[in-house]
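Report on the following structure.
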Amino acid sequence: MTRLTRQLAQTCLVVSLGGSALVHASYDQHARFNEFAAELEKEYHIPPAETKRWLAESKKLDSVLEAIARPAEKTLEWDGYQDIFLTPKRIEGGKSFMQQHAGLLAAAEQKYGVPKEIISAIIGVETFYGSRQGNYRVLDSLATLAFDYPQRPIFWRELKAFFSLAKAEQLDPGTVKGSYAGAMGYGQFIPTSFLAYAVDGDGDGKRDLWSSPTDAINSVANYFRVHGWRTGEPVVQRVRVSGQQYETVVNDSLKPKWTVAQLAAMGVSATEPASADAPASLVKLIGKQGAEFWLAQYNYYVITRYNHSRLYAMAVYQLSEALKQ
């Protein structure tokens, strides 16, 4: 190899290594770092130097970007949800969870007015009762989405909230695990939900949604209470429909826009007693036997505040009913 060839090879190696370093640089080197750090200091009083130290540990995860951008292979209908969330294994796991934490669940139901079966069903749907909380470093997943997925600016906000909760709970951001979208713990709280609704159920001075069933159970119950759960009121019931007028209101809104009486006048016949002036909506799902119609009352809407999906709400409700048996 000639001297000139060696020099060219060394130059190429330096450029290659430099380029690689830039590609894989941590997010404290990102062009928008100063903007992010300034907002974090203004909103949560976290010094830029601390933000820089945390983001210096972060890594871009292409797998996260692929996961969030990947189109669903198919759109699940209700029959598909049943196959996932209403299996004998999930039901039996829920009964074991409720038996193991009977005292905690009873106390939370008494304090927050939310049925223990609903609390358990949420945790069962989200993480199979705490056993599947996610293996992504939340620091990496949220930094990746905040800085490299501008299509969803919500993650910029979630990353700031994550740093705030880490500081408040004295957590090392680099050790916190969760989903690829930054959801954490038994109930898969995103950081803003953690700050707003997580509670210290066991009184140890920390809100530990990863390893404290007490904190997790109470936090889920508190989420529902704050979002307006109506103690003692029904959730949903199967109905019959007739005529054509009901078609104008099927799945028209997650939040109830009608009363039971108004829907009855449109051809919706309840199969169980329901207060005529109760707010309600008409839900149509495609189940294993075809179309199903349901009268959804206000508590059904409250479940959709946890996940804005009719299918999700029905899965939680029917799992909660199975846990009563």
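The values are calculated or read from the model by the stated rules, or taken from the named source; none is laboratory data. From a predicted model like this one, the values you see are computed outputs, not experimental measurements. We place every Cβ from the backbone using ideal geometry, glycine too, and count neighbours over all the protein chains shown. Protein only, heavy atoms only, side chains kept; ligands, DNA and RNA dropped before computing areas. Shrake-Rupley method; radii C 1.70, N 1.55, O 1.52, S 1.80 Å.
Scanning region 271-282 for residues that are in contact (Cβ under 8 Å) with a residue 40 or more places away in the chain and buried (at least 22 other Cβ atoms within 10 Å of the Cβ) yields one hit, L282.
Taking the criterion of being assigned to a strand (DSSP E or B) and open to solvent by less than 60 Å² (accessible area, probe 1.4 Å), the residues of region 227-249 that qualify are V236, Q237, V239, V241.
Residue-by-condition table, conditions (1) farther than 22 Å from I303 by Cβ; (2) modelled with pLDDT of 95 or more; (3) aliphatic (A, V, I, L, M):
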position	(1), (2), (3)
Q110	no, yes, no
V114	no, yes, yes
I123	no, yes, yes
T127	no, yes, no
L139	yes, yes, yes
T144	yes, yes, no
R152	yes, no, no
L165	yes, yes, yes
E169	yes, yes, no
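Note on region 143-226: enclosed helices (runs of 4 or more DSSP H) holding 2 or more residues that are closer than 26 Å to R53 by Cβ, in contact (Cβ under 8 Å) with a residue 12 or more places away in the chain and open to solvent by less than 10 Å² (accessible area, probe 1.4 Å) are 154-168, 191-197. Counting only residues that are within 21 Å of A25 (Cα to Cα) and open to solvent by less than 10 Å² (accessible area, probe 1.4 Å), region 110-139 holds 2 of them. Across region 123-140, the number of residues qualifying as more than 14 Å from the chain's Cα centre (by Cα) and assigned to a helix (DSSP H, G or I) comes to 2.
Restricting attention to region 283-298, the residues being among the charged types (D, E, K, R) and exposed (fewer than 12 other Cβ atoms within 10 Å of the Cβ) number 1.
Got a sec? Which of V268, V302 is of a type outside the set (D, E) and over 15 Å from N251 (Cα atoms)?
Criteria check complete, one pass: V302.
Which one is least open to solvent (accessible area, probe 1.4 Å), of the residues in region 28-49 that are farther than 15 Å from W156 by Cα and part of a helix (DSSP H, G or I)? Going through the qualifying residues, I end up with P48. Suppose the filter is at pLDDT 95 or above, open to solvent by 70 Å² or more (accessible area, probe 1.4 Å), in contact with an Asp or Glu (Cβ under 9 Å, 6 or more places away or on another chain) and assigned to a helix (DSSP H, G or I); does K52 pass it? When the stated conditions are applied, K52 passes them. The set of residues in region 250-303 that are part of a helix (DSSP H, G or I) and either among the polar types (S, T, N, Q) or in contact with a strand residue (DSSP E or B) (Cβ under 8 Å, 6 or more places away or on another chain) (or both) comprises V260, Q262, L263, A264, Y298, N299, Y300, Y301.
Within region 59-79, not a single residue is open to solvent by less than 50 Å² (accessible area, probe 1.4 Å), modelled with pLDDT under 90, over 24 Å from Y180 (Cα atoms) and part of a helix (DSSP H, G or I).
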